[in-house]
Amino acid sequence: MHDPNCLFCKIIAGQIPSQKVYEDEDIYAFHDIHPWAPVHFLMVPKKHVASMAQVGPEHAPVLGRMMALAPQLALEQGCNPYPEGGFRIVVNTGAEGGQEIHHLHVHVMGGPRPWLKG
């Protein structure tokens, strides 16, 4: 399923350029254009799902693969290994949850944060 008006569907289709991190038949990952951390990329299912609120049992395989892939991609993109390093995964859902683009996406953020040492 593809939404012709969806920004992320257009990115997945190659209609809008992105800095690709990873791609397979079901998942597309790319750098966030407004990063909040030294490493900040998004992982999206290629099939359009508006948000976590629309997720059903049929989405479990792709979401499980995304969660299993996130640590590998985080390390490849520059996050330091656990436990000294690490990363954060955030999924905003709906307007009150801070979701701006209505295509399910997982933010993966990490990298050195010296202000947390103390």
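Throughout, read-outs are computed from the coordinates displayed, never taken from laboratory work. These figures come from a predicted structure and were not determined experimentally. All Cβ positions, even for glycine, are placed from backbone atoms using ideal geometry, and neighbour counts span all protein chains on display.
Listed values, structure above:
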read-out: Residue list for segment 73-115, filter: among the polar types (S, T, N, Q) and out of contact with any strand residue (DSSP E or B) (no Cβ under 9 Å at 6 or more places or on another chain); value: Thr93, Gln99
read-out: Restricting segment 31-46 to residues that are part of a strand (DSSP E or B) and over 8 Å from the mean Cα position of the chain (by Cα), the residue that is surrounded by the fewest Cβ atoms within 10 Å (Cβ to Cβ); value: His31
read-out: Residues within segment 57-89 that are among the hydrophobic types (A, V, I, L, M, F, W, C) and surrounded by fewer than 14 Cβ atoms within 10 Å (Cβ to Cβ), tallied; value: 3
read-out: Residue count for segment 53-91, restricted to those that are at positive phi and either in a helix (DSSP H, G or I) or touching a residue at least 40 places away in the same chain (Cβ under 8 Å) (or both); value: 1
read-out: Given (1) among the aliphatic types (A, V, I, L, M); (2) in contact with a helix residue (DSSP H, G or I) (Cβ under 9 Å, 6 or more places away or on another chain); (3) over 24 Å from Glu96 (Cα atoms), number of the condition Leu73 does not satisfy; value: (2)
read-out: Identity of the residue in segment 1-27, in a helix (DSSP H, G or I) and touching a residue at least 40 places away in the same chain (Cβ under 8 Å), that ends up nearest to Glu76 (Cα to Cα); value: Phe8
read-out: Matching residues, segment 28-52, being out of contact with any strand residue (DSSP E or B) (no Cβ under 6 Å at 6 or more places or on another chain), touching a residue at least 24 places away in the same chain (Cβ under 8 Å) and of a type in the set (Val, Ile, Thr); value: Val49
